Amino acid sequence: MSLFSVSLWLILSELSFNLSGYFIHAFLGRFLGPAEYGRFGIIVTFSTMIVVLIGRGIPIAMSKYLSEIKKEELPQKASLIKNIALKEQLRIALLLTIVYWLLSPFFSFLLKDSTLTPLFRLSSFAIITFSLATFFVYYYNGIEAFGRQAFLKFFRAFFRVGMVVTLGFFFQTKGAIWGQILAPFFVFLFALILDPFRQVPPHPISQEEKSLLKKKLLHFAWPITLFLIFYELMISLDLYLVKAFLQNDEQTGIYNAALTVGRLPYYAFYFLTFLILPKISHSLSKKNRAHTEKIMRNLFRFLIFLLLPTITLTSFFAPSLLEFFYGTAYLPATAPMQILTWGVGFLTVFHILVSALNGSGKNTIPMWLALGGMLANALLNFFFIQKWGLLGSAWATTLVAFFSMLLTIFYAQKKICPFFDGRLLLWGLFFSGFIFFLAHLFFFQHSLLFIPSSLFLLALYLLLFVLIGKIKKTDYQNLFQKPKSNR
């Protein structure tokens, strides 16, 4: 497949998965009401944070090492690495499920709401099922079976909507949480069937070699796991602190809506984290610096051409998006969302560059950056929420995200290769300001016209780059030609 085809399928699969989440949130937000929806948001966000703790650390390490295997050795070695990694992931998942269940009363105590304890305990079972489903997403990523990876995401989106909405409709909040538990389990069963190497016997190695391989995976996984803990806390602490300080379920629901819709650009471009890690890992393992620089510079151009205008338009059309997903009851979330959208955009760049650093083997740098971001976000939110409420929380998160992004750009430039183009960034900011100004003058909110309006303004933004010669024929060729195999 060409880069365009791979990107398109991964984008569509990520969008389908995340839009399924938006559909679920929109349905539950309307069906449960702001107060109960706020409780659901707290439970799901908290359990997701814990799930991410074990759901991606080992799989990301597995994906990196799979991407470095030669094509002729892939079937047997992939089965070997997969089996070792899966056993370790299950052990950790089971342990964390037990710990999470036991600590549920403590979580409720921190949030000053003892009625959340049964919901926290129920959500603990999602740790195992989610980790199994996520494992195979990264497995297919590592063996570059991007089509299967995308198909698995489509399947997961379908089951997610069906189970969460159906069970939520009949059993309210508890039913919706049960849906979150059961959907990834069925996805895991489907992923086993999709595995192209499921009948290939693992590469025969000694017990000592197995032990060394396990240690290698765990050694690479632990900084990533800590990064994911700190990162998830960094991007979720604002919601918890809004709940803890304001003690208002309706305000929590409003902020959760702003945060959820404001993450649209993040979800749309998350597929780049899947593409960039194996590409950088393979390129650096071959010591091909020229190819590495090409990958990073094309990545930077892609972010300027598409991510920057997406953030701009999402921020401007915040009222329309909130009304579309949640209804007019959530329009008070407009101002926080317009700020948060930029913060989430900065975090999108941060996370994509973190994947590049992980691919280069510099996985301790993201860990320390995320730790600093988490502490800074907690500190700023502590003061800002008490002084300015929801807007204060939005500003705190956005400021921390901006400086975290700058530090990640600095380290990616230093540890991987130079790729930053200041002139291109300035043009992007200028054209983004221009389409924002046009939108303010000529386009209306609170109607479905925001969809064609956004597409028109995005096309205009890209056309301006074509006119000044920044988008060239080679960009189209790079996008549509079939890339050479990494193997």
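Radius of gyration over Kirkwood radius for segment 1-204, both on Cα atoms: the Rg/Rh ratio is 1.01.
Taking Lys and Arg as +1 and Asp and Glu as -1, the other residues whose beta-carbon sits under 12 Å from that of residue 45 total +1. Temperature 10 °C, viscosity 1.306 mPa s: under these conditions the Stokes-Einstein estimate for segment 272-379, based on its Kirkwood radius over C-alpha pairs, is 100 µm² per second.
In plain terms, the residue of 99, 400 with the fewest other Cβ atoms within 10 Å comes first and the most crowded comes last, giving 99, 400.
Can you flag which of 294/362; 414/472; 215/294 are past 24 Å Cα-Cα? Over 24 Å apart, Cα to Cα: 414/472; 215/294.
Based on other C-beta atoms within 10 Å, arrange 64, 210, 287, 77 from fewest to most. Let's see the in-between values first.
Working: 64 27, 210 14, 287 8, 77 21.
The fewest-first ordering by Cβ neighbours comes to 287, 210, 77, 64.
Each of 65, 461 was scored by other Cβ atoms within 10 Å of its Cβ. Listed from fewest to most, they are 65, 461. Rounded to the nearest 0.05, what FRET efficiency do residue 429 and residue 12 have when you use their Cβ-Cβ distance and R0 = 22 Å? The pair residue 429/residue 12 has a calculated efficiency of 0.15. Each principal axis of the Cα cloud of the chain was evaluated for its coordinate range; sorted largest first, these ranges are 60, 60, 38 Å.
Each Lys or Arg adds one and each Asp or Glu takes one away; over the other residues whose Cβ falls under 11 Å from the Cβ of residue 59, this sums to +2. Since only 277, 102, 288 are under comparison, the one whose Cα sits farthest along the positive direction of the charge dipole of the chain, derived from C-beta charges on Lys, Arg, Asp and Glu, is 288. Ordered from longest to shortest, the equivalent ellipsoid semi-axes for segment 240-487 are 32, 25, 14 Å, each the square root of 5 times a Cα gyration tensor eigenvalue.
About its Cα centre, the dipole of segment 1-204 is roughly 160 debye, where the only charges are +1 on Lys and Arg Cβ and -1 on Asp and Glu Cβ.
Laboratory data are not the source of any read-out in this text; all were calculated from the coordinates shown. Remember, predicted model here, so these are calculated numbers, not experimental data. Quick reminder, even Gly has a Cβ in these numbers, built from the backbone with ideal geometry, and neighbours come from all protein chains shown.
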